[in-house]
Amino acid sequence: MANKRVVIDPITRIEGHLRVEVEVDENNVVQKAYSSSTLWRGIELILKGRDPRDAGLMAQRICGVCTYSHYRAGVEAVEDALGVEPPYNAKLVRSILNESLYMHDHIVHFYHLHGLDWVDVVSALSADPKKASELAFKYSDLPISTGTAELMAVQQRVKGFVEKGQLGPFANAYWGNKTYKFSPEQNLIALSHYLKALEVQRTAAQMFAIFGAKQPHPQSLVVGGITSVMDVLSPARLSEWLTKYKIVKDFIDRAYYADIVMAAEAFGTEESVLGGLGVKNFLSGESMMLNRTENLFESGYIKDGDLSKVYDIDESLIDEDVTHAWYEGEKPLKPYDGETVPNYTGFVDGDTVNGKAKILDEKAKYSWVKAPRYDKEAFEVGPLSNLLVNYARGNEKVIKAVGDFLERTGLPVGALFTTLGRTAARMLQVKLISDNAIITFNSLVENIKTDQSTYTKFEIDPNKEYKGRFIGEVPRGTLSHWVRIKNGLIENYQAVVPTTWNAGPIDANGVVGPYEASLVGLKLEDPKKPLEVLRIIHSFDPCMACSVHVMDMKGTEISEFKVSVADGGACSV
Amino acid sequence: MNNPDTQIVDHPTFVYSSMNRILHWLRAVVITGLTITGFYIASPFLSPEGSTDKLLFAEWAMWHYIFGFILLTAGLLRIYLFFFGKDSKGELDSVKDVLSVRSWTTQLKSYFFVGELQKKGIYGPLQFITYVMIMLLVIVASVTGLVLYVHVYHLGIGGLLYDPMRAIEAWMGGLAMVRYVHHITMWGFLIFIPIHVYLVIWSAIRFKHGALDVMFTGYDYHLKKEKEQDQA
Amino acid sequence: MNGFDALYSKAEERIRILSELPSTKNKTIEKLLEEKGVQRRDFMKWAASITAMLALPSQFTPLFADVAKLADRLPLIWLHMAECTGCSESLIRSDAPTVDSLIFEHISLEYHETLMAAAGWQAEEILDGAMHKYKGKYILLVEGGVPTAMDGQYLTLGPQAKTGLSVVTEAAKDAAAIFSIGTCSSFGGIQAAAPNPTGAKGVDKVVKQPVINVPGCPPSAKNIVGTLMHFLLFGTLPALDRYSRPKWAYGNRIHDLCERRGHFDAGEFVESFGDEGAKAGWCLYKQGCKGPYTFNNCSIERFNQHTHWPVGAGHGCMGCSEPDFWDTMGPLEQPLDSHLVMGLNSTVDKVGTTLVTATVIGIGAHAVASLFMNKKEG
């Protein structure tokens, strides 16, 4: 029997416009997967010919969710090109902003974007609030928002929604799907946290805005430093940050961590979340400056899931392929020389499990996302890669955090290399960041006693040519911006975005990217309601419409992979 | 060299009324003032020492508005006088020169030392077009200035003109564009002024007439023409 | 009847009409407020603050409370075009804890891709269903510019790969009101900056219906909520300026109500980021602040629950609520006299100086030539 096509467009609860298509066999097991970004805006073209000092503010408009990431990348790429070294205070403030961003972003992603893949809102109705309140102590010593009365109030609100049949944003979803594994009580706890997180994320955004001016889309960075010097030097502002930081950190410790422990327990045997990892190479940038000598996370990469070997990144090996992307171009190009010339070929008519639809022409071009490669190989980026690389590097903080978590949940190291592991890694990453952000903050407080500089002056010589880049870690993975400056203006600009690494289509050599690889072998409960696909795709935290490609393999590789990872894990621990 | 008697002009030509002469020098003064204060507003090059109550920028801006309103009023009056002043015939006659190809070639040739400057009105065609353009520039500068002004002062004329000026602002693409065009008009004046001053002096020397005097006394005289007539 | 009474009775009439509409919820907001533990007093306080924000007299406060209770009857459809989701994020940051989130939960948010649980075919069903069921009654909010080049195919949505252009024009047909949330849907935004590769346009340029623009990159949650509340209260479009921006929010320039304005008038400017002036909070005009050309209420409302705003944080305003600001206001951290002349890599002042220099040289050459000619002729 021929494979059946499943089209999911739009993938909701992400940033941007994403379409995913999978082909399932007679047992509803995914055989092939394709994904496509269905929006092109051309920002790299728009940046050409602009003043380099505008690069950050313009690049920031690439994304309003990981807002700040592209701002900082644009500013620091230009600094790298011009050879400008911002003062220590400015670097610390940028790091504090990054830490604040992660604390906001990961909470919103887990609860408000990813959460409904794990939490069955309707099931929470039949929970016993008293029992749930007691159960919460199993996952946290001091649970938050899980008092019996609070849970009852939450339950009543949800009841209101369900009874009237007018569910607003919760309508027409996948409630009751068998892969929802939480008990009604667990669902109720998570739902209460969903609502509490709405409140906490506002506080997290305020914490960011103290030094960032606003969130989303901050406006306090400039080439050469930062502008919020008044806030940095104000004890009132500093303590304001500290207060809000404690509130958010509290939520991460007492709710976010606990919910992941709970998910690990409930979903620990659910097959559909124990795969979902097809590309075994992991890349990570450096980030989270703590003081002059120490970063929380180091850069590097590992290959084939082998945690015993870790390599330094050679940036000259990064290039982008457009064979199956809607652009002109013959051979892969280095980011400094990257071209962005659209060549749209559109969709074809086809049959799907839901009837006739427009489908991707996977043999030709089918996505607006390019395919970045490192030394001709595909790499996964994101919190999981970040932790694995630093684990392999022997980063003690990371090893301890991962170790504690595995001990607490009783999971093997191999469990990290799954959809569940990817979701847990995001939590562990922000837990590490929230534990250590105070070090960066204290470094700043210490330094401003003697040094109040926040800005380095610079000149752009119109007669010189410059080139520079930023490579670093942002909430969704490794981000790099590449800029060339000529006649005092931007000559060329390319951004290699985390989601591009993860979602890039197949390249000229047939190498497949992480998204598409992750879906192959997945069994769907009901192809017309493909919750399992959403869960895997959301676990990557897509930030721009992205692409998946043809994979003509059976699911066997995933089980082989698990073994190799466990081996790798064993030898490095 | 020449007989002193022949240099005496018997019948000077009436060119400009006193009103027009006053307006001319008023414009000269305020455009200079506007350029200087305008440069300061665009890029404030002075800062007050010490206390904040000096309101340095506000004062510069105030003078800019005062000069601006003088220019605006002077411009309006000048346009009126162009059509209805007692000296307007000479100016309006220059339209004939603009429409005449011969006048154009005559004027352009005269600038390159070929032949005399002969014309029907008081301006050569190029000169006339230039003055019209400068007047348009005054209009553009005034209107853009008013658009910027209505956001500063909300009563009186500022309040009265608020709505129409906002319409112009939207039509021009926002205040930044208004401000940009306003800035460009200033350069129009700056380029015009040296050419204007030079050509007045040059033509006074070259054609031996009262090109300078005309803006002081209102009367032109033509030394060369007189001489030629005498010789004839 | 004076203007005030007319407005008041109009609002009352509006509330009467709204209250007659069938509720989409079983419980009233009042009931839900109670459940949430919000006291009526807090609720009235919030209503008072919204009333003040919209620059309405305090007599309107009870009306606001009434209309907020009825807000759940108004279905909203929020569409994403060529965007970055920053405006949705701004909406999530919405102000006045507990009460605001309640308002949002209980306005009937039918379709919003960033927040909704359903995806794919299920999501499309919701959109079609809501447009059908609430024909002529729903409010359409659009985030993002609309690509129009290549027949709009730079953006496709849904299993049938409809263009963004066709989806938004379709949804606009039966909307009770259309709000463009953010600079992209209002004026085209970043993707419409030169050379505008995708032909991106504001919504009002592609639909026939009237559109209220709520620009900003992103607009503050206050401006989004306030504009909605105005519609709920009066059932009409708020007073708009020439760019269809509500006057209550976009009536003043940033510059008019700026906390650093005193330093501007005094002539005290930050000469370089991080200098003593910057530490003292002096004016950012010389660091390219576009506050004098930008209409918005940032200086009053600020962002993130009044936490901060760009000028407060020592970075000038970049003019994000003005049309085409990316093209007309750059370089963003330099005063407007650094703006590059289109097509020439040069500023007006540089071009002007060059032209004046050329003029003077020309005059000199002419004068010298004149001397020779005079000698010859003489």
Residues of the stretch A:204-241 being surrounded by fewer than 24 Cβ atoms within 10 Å (Cβ to Cβ) and either free of Cβ contacts under 8 Å to residues at least 60 places away in the same chain or of a type in the set (Lys, Arg) (or both), in sequence order, are A:230, A:234, A:235, A:236, A:237, A:239, A:240
Filtering the stretch B:114-132 down to residues that are of a type in the set (A, V, I, L, M, F, W, C) and touching a residue at least 24 places away in the same chain (Cβ under 8 Å) yields B:117, B:122, B:128, B:129
Considering the stretch A:311-349, residues that are within 24 Å of residue A:20 (Cβ to Cβ) and of a type in the set (Phe, Trp, Tyr), and then whichever is surrounded by the fewest Cβ atoms within 10 Å (Cβ to Cβ), we arrive at A:344
Exactly one of A:482, A:501 is in a helix (DSSP H, G or I), under 27 Å from the mean Cα position of the chain (by Cα) and not hydroxyl-bearing (Ser, Thr, Tyr), and that residue is A:501
With criteria (1) closer than 30 Å to residue C:184 by Cα; (2) at the interface with another protein chain (Cβ under 8 Å from one of its Cβ atoms); (3) among the small types (Gly, Ala, Ser), residue C:346 comes up short on (2)
Residue C:132 vs (1) without any contact (Cβ under 8 Å) to a residue 24 or more places away in the chain; (2) farther than 15 Å from residue C:77 by Cα: all pass except (2)
The strands (runs of 3 or more DSSP E) lying entirely within the stretch A:223-340 that contain at least 2 residues which are acidic (Asp, Glu) are A:318-321
Within the stretch C:286-302, of all residues that are in contact (Cβ under 8 Å) with a residue 60 or more places away in the chain and at the interface with chain A (Cβ under 9 Å from one of its Cβ atoms), the one nearest to residue B:180 (Cα to Cα) is C:298
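What is the residue count in the stretch B:36-67 for residues that are of a type in the set (Val, Ile, Thr) and facing another protein chain (nearest Cβ under 7 Å)? Outline the logic, then answer.
Restricting attention to the stretch B:36-67, the residues satisfying the condition of being of a type in the set (Val, Ile, Thr) are B:36-37, B:41, B:52, B:66.
Checking the rest, the ones that are also facing another protein chain (nearest Cβ under 7 Å) come to B:52.
Of the residues in that region, 1 qualify.
Residue by residue through the stretch C:197-234, note down the ones that are polar (S, T, N, Q) and either part of a helix (DSSP H, G or I) or surrounded by fewer than 22 Cβ atoms within 10 Å (Cβ to Cβ) (or both).
Quick first cut of the stretch C:197-234, residues polar (S, T, N, Q) only: C:198, C:209, C:213, C:220, C:223, C:227.
Selection gives C:209, C:223, C:227.
Go through C:318, C:342 for me and flag whichever is in a loop (DSSP other than H, G, I, E, B) and within 18 Å of residue C:215 (Cβ to Cβ).
C:318
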Log entry, pairs with first residue in the stretch B:161-173 being at positive phi, second being of a type in the set (Asp, Glu), beta carbons closer than 7 Å, six or more apart or on different chains, reads B:173/C:324
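Matching residues to (1) buried (at least 24 other Cβ atoms within 10 Å of the Cβ); (2) at the interface with another protein chain (Cβ under 7 Å from one of its Cβ atoms):
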{"site": "C:261", "(1), (2)": "no, no"}
{"site": "C:266", "(1), (2)": "no, yes"}
{"site": "C:284", "(1), (2)": "yes, no"}
{"site": "C:304", "(1), (2)": "yes, yes"}
{"site": "C:327", "(1), (2)": "no, no"}
{"site": "C:331", "(1), (2)": "no, yes"}
{"site": "C:337", "(1), (2)": "no, yes"}
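Does residue A:204 qualify as being more than 8 Å from every other protein chain (Cβ to nearest Cβ), under 30 Å from residue A:148 (Cα atoms) and hydrophobic (A, V, I, L, M, F, W, C)? Please lay out each step first, then the result.
Working: more than 8 Å from every other protein chain (Cβ to nearest Cβ): yes; under 30 Å from residue A:148 (Cα atoms): yes; hydrophobic (A, V, I, L, M, F, W, C): yes.
Spelling it out, residue A:204 is indeed more than 8 Å from every other protein chain (Cβ to nearest Cβ), under 30 Å from residue A:148 (Cα atoms) and hydrophobic (A, V, I, L, M, F, W, C).
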Over the stretch C:306-319, the set of residues more than 8 Å from chain A (Cβ to nearest Cβ) and hydrophobic (A, V, I, L, M, F, W, C) is C:311, C:317
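Could you name every one of the helices (runs of 4 or more DSSP H) located completely within the stretch C:56-118 that has at least 2 residues being within 7 Å of chain A (Cβ to nearest Cβ) and either touching a helix residue (DSSP H, G or I) at 6+ places or on another chain (Cβ under 8 Å) or at pLDDT 55 or above (or both)?
Details: elements: C:61-70, C:86-92, C:99-106.
In the stretch C:56-118, C:86-92 are the helices (runs of 4 or more DSSP H) which contain 2 or more residues that are within 7 Å of chain A (Cβ to nearest Cβ) and either touching a helix residue (DSSP H, G or I) at 6+ places or on another chain (Cβ under 8 Å) or at pLDDT 55 or above (or both).
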Residue count, the stretch A:356-379, condition assigned to a loop (DSSP other than H, G, I, E, B), under 25 Å from the mean Cα position of the chain (by Cα) and among the acidic types (Asp, Glu), comes to 1
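Name the helices (runs of 4 or more DSSP H) wholly inside the stretch A:380-459 in which the number of residues that are among the basic types (Lys, Arg) and in contact (Cβ under 8 Å) with a residue 12 or more places away in the chain is 3 or more.
In the stretch A:380-459, the matching helices (runs of 4 or more DSSP H) lie at A:419-448.
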Those residues of the stretch B:117-141 which are surrounded by fewer than 16 Cβ atoms within 10 Å (Cβ to Cβ) and part of a helix (DSSP H, G or I) amount to B:129, B:132, B:133, B:135, B:136, B:139, B:140
- Return yes when residue C:141 is buried (at least 24 other Cβ atoms within 10 Å of the Cβ), out of contact with any Gly (no Cβ under 7 Å at 6 or more places or on another chain) and assigned by TED's automatic domain parsing to the domain that holds residue C:245 and no when it is not. yes
Condition met for residue A:190 (touching a Phe, Trp or Tyr at 6+ places or on another chain (Cβ under 6 Å), crowded, with 21+ Cβ neighbours inside 10 Å and more than 9 Å from chain C (Cβ to nearest Cβ)): no
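Condition check ((1) facing chain C (nearest Cβ under 10 Å); (2) free of Cβ contacts under 8 Å to residues at least 24 places away in the same chain) across all residues:
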site: B:140; (1), (2): no, no
site: B:152; (1), (2): yes, no
site: B:155; (1), (2): no, yes
site: B:179; (1), (2): yes, no
site: B:188; (1), (2): yes, no
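Of all residues in the stretch B:142-160, which are buried (at least 16 other Cβ atoms within 10 Å of the Cβ) and farther than 20 Å from residue C:329 by Cα? Don't jump to the end; show me each part of the working.
Quick first cut of the stretch B:142-160, residues buried (at least 16 other Cβ atoms within 10 Å of the Cβ) only: B:142-151, B:158.
If the condition is that a residue be buried (at least 16 other Cβ atoms within 10 Å of the Cβ) and farther than 20 Å from residue C:329 by Cα, then B:142, B:143, B:146, B:150, B:158 are the ones that fit.
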Requiring at least 3 residues that are of a type in the set (Gly, Ala, Ser) and within 13 Å of chain C (Cβ to nearest Cβ), the helices (runs of 4 or more DSSP H) wholly within the stretch A:55-114 are A:55-60
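Please pick out the residue among B:108, B:77 that is touching a residue at least 40 places away in the same chain (Cβ under 8 Å), in contact with a Leu (Cβ under 8 Å, 6 or more places away or on another chain) and assigned to a helix (DSSP H, G or I). Even if it seems obvious, please write down each step before you answer.
Numbers: B:108 fails: touching a residue at least 40 places away in the same chain (Cβ under 8 Å).
Selected residue: B:77, the only one of B:108, B:77 that is touching a residue at least 40 places away in the same chain (Cβ under 8 Å), in contact with a Leu (Cβ under 8 Å, 6 or more places away or on another chain) and assigned to a helix (DSSP H, G or I).
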How many residues of the stretch C:151-169 are β-branched (Val, Ile, Thr) and at the interface with chain A (Cβ under 9 Å from one of its Cβ atoms)? The answer is 1
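The values are calculated or read from the model by the stated rules, or taken from the named source; none is laboratory data. Since the model is a prediction, treat every value here as computed from it, not as a measurement. Neighbour counts are summed over all protein chains in view; Cβ atoms, including those assigned to glycine, are modelled from backbone coordinates with ideal geometry.
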